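All remarks here apply to the structure that follows.
Taken together, the values in this text are just the output of simple stated rules run on the coordinates, not laboratory data. The shown structure was predicted, so the numbers you read here are calculated from the model rather than taken from an experiment. Methodologically, a virtual Cβ is constructed for each residue, glycine included, from the backbone with ideal geometry; neighbour enumeration extends over all protein chains shown.
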Amino acid sequence: MNIFGTELLNNISRIGAPGVLISIFGAFASLAFVLLIVGSLVLKGIALWKAARAGSKPWFIALLFINTLGILELLYIFVFSKRIKTEE
């Protein structure tokens, strides 16, 4: 690619506008996918840490093996871990 981006312009004209839109959408979809995975891993780490600190083996095992893209982890962090603390 040169300084003026003529190669990019040639590719755009060869692919056409719909192809460029699909390419841009693919880039955003890839970014969203990466952010979703990173967010899910962060939530899983927090939920596993809370379950381990609470000594809850069933929750720890469930959180470790069930992948729900953060839904189960959010429920544990904000709902179920509060119940475990109040029961003690």
- In the neighbourhood of L48 defined by beta carbon distances under 13 Å, the net charge of the other residues (Lys, Arg +1; Asp, Glu -1) is +3
- With a sphere of radius 12 Å drawn around the Cβ of N67, what net charge do the other residues whose Cβ falls strictly inside it have (Lys, Arg +1; Asp, Glu -1)? 0
